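Taking it in order: structure first as structure tokens, then the write-up.
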Amino acid sequence: MSVMLRPENPLPKLRLADAYFQLNLPDSAIIWYNQYLTHGNVDTALIAYKIGVCYGKMKGDIDNAIKYLEYAANLKPSTQLYWEDLGVAYGMK
């Protein structure tokens, strides 16, 4: 409801995406994470990482997972988790 009442507020989109993520509904999570990315001043690396996890761990789409995990790792190279999951994705290819 909040997403429709205040479309300029990005946080409900993130919360909805995270809820779908927790419910193991990756397609819906990806849609809402992408909606969240349309707002400025967001942690793009973290959201790209979460989208990569949706593709890789939840959907088994390793090629798309690698694309998003690479993007996240390159945006924040100091975040070890991004590199670890990227390495796992490469190993699964």
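The values are calculated or read from the model by the stated rules, or taken from the named source; none is laboratory data. Nothing here was measured: the structure is a model prediction, and the numbers come from that model. Note that we place each Cβ from the backbone using ideal geometry, even for glycine, and neighbour counts take in every protein chain shown. Just so you know, the surface numbers come from the protein's heavy atoms only, side chains and all, with ligands and any DNA or RNA stripped out. Shrake-Rupley method; radii C 1.70, N 1.55, O 1.52, S 1.80 Å.
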Notebook entry, point to check: For the chain, what is the charge dipole size about the Cα centre, in debye to the nearest 20, if Lys and Arg each add +1 at the Cβ and Asp and Glu each add -1 at the Cβ?
Noted result: 120
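What does the accessible area per residue of the stretch 1-82 come to in Å², with a 1.4 Å probe and no ligands, DNA or RNA counted? Each step should come with its number before you reach the end.
Values: 4840 Å² over 82 residues.
Accessible area per residue, the stretch 1-82: 59 Å².
With only alpha-carbon pairs counted, each pair once and no self-pairs, how large is the Kirkwood hydrodynamic radius of the chain in angstroms?
Details: mean 1/r = 0.0751 Å⁻¹.
Taking every pair of different Cα atoms in the chain, averaging 1/r and inverting gives 13.3 Å.
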Next item on the list: Taking the dipole about the Cα centre of the chain, with the C-beta of Lys and Arg at +1 and of Asp and Glu at -1, give me whichever of Ile51, Ile66, Gly87 is farthest to the positive side.
Entry: Ile51
Item checked: For the chain: relative contact order, % (alpha-carbon pairs under 8 angstrom, 6 or more apart) -> 19
Note to self: So, R0 is 30 Å and r is the distance between the beta-carbons of Lys57 and Ser78; what FRET efficiency does that work out to, to 0.05?
What the structure shows: 0.85
Checklist line | FRET efficiency, 1/(1 + (r/R0)^6) with R0 41 Å, evaluated for Tyr90 and Arg15 via beta carbons | finding: 0.85
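Take the solvent-accessible surface of the protein heavy atoms, probe 1.4 Å, and return the percent of it on the chain that carbon and sulfur atoms account for.
Values: 3170 of 5640 Å².
Solvent-exposed carbon and sulfur of the chain make up 56 percent of the total.
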Check: Taking a label point 7 Å from the Cα of Glu8 along the Cα→Cβ vector, which residues of the stretch 19-48 have an amide N closer than 20 Å to it?
Finding: 35-43
Check: With the chain treated as a Gaussian network of Cα nodes joined by springs under 10 Å, which of Ala65, Ala48, Ala19 yields the largest mean-square fluctuation?
Finding: Ala19
Next item on the list: Just subtract the alpha-carbon distance of Gln22 and Leu46 from 0.36 nm times their residue separation and send over the number in nm, one decimal.
Entry: 7.1 nm
